[in-house]
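Take a look at the structure set out below.
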Amino acid sequence: CVFTPPPCFVVAAMTTSILRASLRAMTSPLPRPQIAGAPYDYVVVGAGSAGCAVAARLAEDPRKRVLLVEAGMQDWNPWIHIPVGYFQVVHSRFWDWKYRCEGSTSGLNGRSIAWPRGKVLGGSSCLNGLLYIRGQPQDYDDWADLNNPGWDWDSVLPYFRKSEDNVLGLGELVTHHGVGGPCQVSNSRYSSPVADAWKQACADQLQIPQLVDMNGEEVEGVGYFQQITSADGLRCSSAVAYLHRNRPHRPNLHIATSRHVARVLLDTTAASTPRATGVELADGTRAALAPGGEVVLSAGAMGSPHLLQ
């Protein structure tokens, strides 16, 4: 095996990406909000893939005060914004909760496997491999059949399209993809002669259809993971899509990073079901809700249940 150094233009492109990522990361410092000040209409706990979107959408009403609280730091590390940079941030104690799957009932035969989860503004969308996969339409229809109205594929597809700024939204797949949304989705440029031959063999020998779009109406077949959440050589995390671009136009959206929520405050004096009145941070600071306000838990599959205990 002989190592061949990358061509000069590849090195130049990588250097340019690092410089652009550094500029993005350093030019948007967050002001530190006075959490214990005036009450909020909404407190969103967790600024991950869901929390960033929820907070930004709620803040579209300028009359509402919205607080977004994230336990991790701001996404200032340039490696977060460079697609190949997840090798530098995943498993890092600064950016990853570093959960592990283990236990006698886990089905791992005594093994312990890492479960990376983002501890940063943008959550796991800052750590993942950027593959853009929306899921099978049949799964959404199954959820609707289980008495969950509004979760069928035809109902959720308009929201996927609204969220996308997808290169496929301009072509023949326009009915399944959108343009002009906050989430930038581009086509991966990776290809391999071996993978191409394997795909063709699947089609010729096994009659497996070749997929043009892994996120289309039909997802059974063979093909590349052809779409990624990236544009112009930089990662499009949930924080980039929903927060950084809109922040100058959302003075009513307050973002607090490196602030860990310890518990949800409840009013248990009423005869009815206890109602949330705010949250308490690990340092004792409290963020109060205005009358009729709401706490939105989007702290992830581990964090949200932990707060509900």
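Looking only at the range 189-209, residues that are surrounded by 12 or more Cβ atoms within 10 Å (Cβ to Cβ) and closer than 29 Å to TYR159 by Cβ come to 1 in all.
For the range 200-218, the set of residues classified as over 24 Å from SER186 (Cβ atoms) and either outside any loop (DSSP other than H, G, I, E, B) or basic (Lys, Arg) (or both) consists of GLN200, ALA201, CYS202, ALA203, ASP204, GLN205, LEU206, listed by residue number.
Give the range 219-232 a look and list any residue that's touching a residue at least 60 places away in the same chain (Cβ under 8 Å), part of a loop (DSSP other than H, G, I, E, B) and surrounded by 16 or more Cβ atoms within 10 Å (Cβ to Cβ), or say none. Selection gives VAL219, THR229. The number of residues in the range 23-62 being farther than 21 Å from GLU280 by Cα, open to solvent by less than 30 Å² (accessible area, probe 1.4 Å) and at pLDDT 95 or above comes to 3.
Against the test of being free of Cβ contacts under 8 Å to residues at least 60 places away in the same chain, of a type in the set (A, V, I, L, M, F, W, C), over 25 Å from SER188 (Cα atoms) and open to solvent by 80 Å² or more (accessible area, probe 1.4 Å), the options PHE87, PHE94 yield a single qualifying residue, PHE94.
Considering the range 245-272, and only residues there that are farther than 30 Å from GLN309 by Cα and touching a helix residue (DSSP H, G or I) at 6+ places or on another chain (Cβ under 8 Å), the residue that is modelled with the lowest pLDDT turns out to be ASN246.
Please list, ordered by residue number, the helices (runs of 4 or more DSSP H) wholly in the range 73-183 having 2 or more residues that are touching a His at 6+ places or on another chain (Cβ under 9 Å) and of a type outside the set (S, T, N, Q). Outline the logic, then answer.
On the way: elements: 78-81, 86-89, 137-145, 153-163.
Answer list for the range 73-183: 153-163.
Looking at the range 103-114, is at least one residue out of contact with any Cys (no Cβ under 9 Å at 6 or more places or on another chain) and under 27 Å from LEU243 (Cα atoms)? No, the range 103-114 has no match at all.
Looking at VAL156, VAL212, just one residue is touching a Phe, Trp or Tyr at 6+ places or on another chain (Cβ under 6 Å) and either open to solvent by 30 Å² or more (accessible area, probe 1.4 Å) or at pLDDT 90 or above (or both), and that residue is VAL156. Taken over the range 233-264, the criterion of being open to solvent by 20 Å² or more (accessible area, probe 1.4 Å) and among the hydrophobic types (A, V, I, L, M, F, W, C) is satisfied by ALA262, VAL264. Checking each residue in the range 228-261 for being of a type in the set (A, V, I, L, M, F, W, C), touching a Gly at 6+ places or on another chain (Cβ under 9 Å) and over 17 Å from GLY51 (Cβ atoms) picks out only ILE228.
Kindly indicate whether SER186 is open to solvent by less than 80 Å² (accessible area, probe 1.4 Å), part of a helix (DSSP H, G or I), in contact with a helix residue (DSSP H, G or I) (Cβ under 6 Å, 6 or more places away or on another chain) and within 30 Å of TRP76 (Cα to Cα). So SER186 does not fit the description; no. Checking ALA276, ALA197 one by one, the residue that is aliphatic (A, V, I, L, M) and within 29 Å of VAL167 (Cα to Cα) is ALA197 and no other. VAL156 fulfils the conditions (1) under 30 Å from LYS98 (Cα atoms); (2) β-branched (Val, Ile, Thr); (3) without any contact (Cβ under 8 Å) to a residue 40 or more places away in the chain except for a single criterion, (1).
The values are calculated or read from the model by the stated rules, or taken from the named source; none is laboratory data. Fair warning: this is a prediction, and the values are worked out from it, not measured in the lab. No Cβ is skipped: glycine too gets one built from the backbone with ideal geometry, and neighbour counts run over all protein chains shown. For the accessible areas, the whole protein counts, side chains as well, though only heavy atoms, and no ligand, DNA or RNA atoms are used. Shrake-Rupley method; radii C 1.70, N 1.55, O 1.52, S 1.80 Å.
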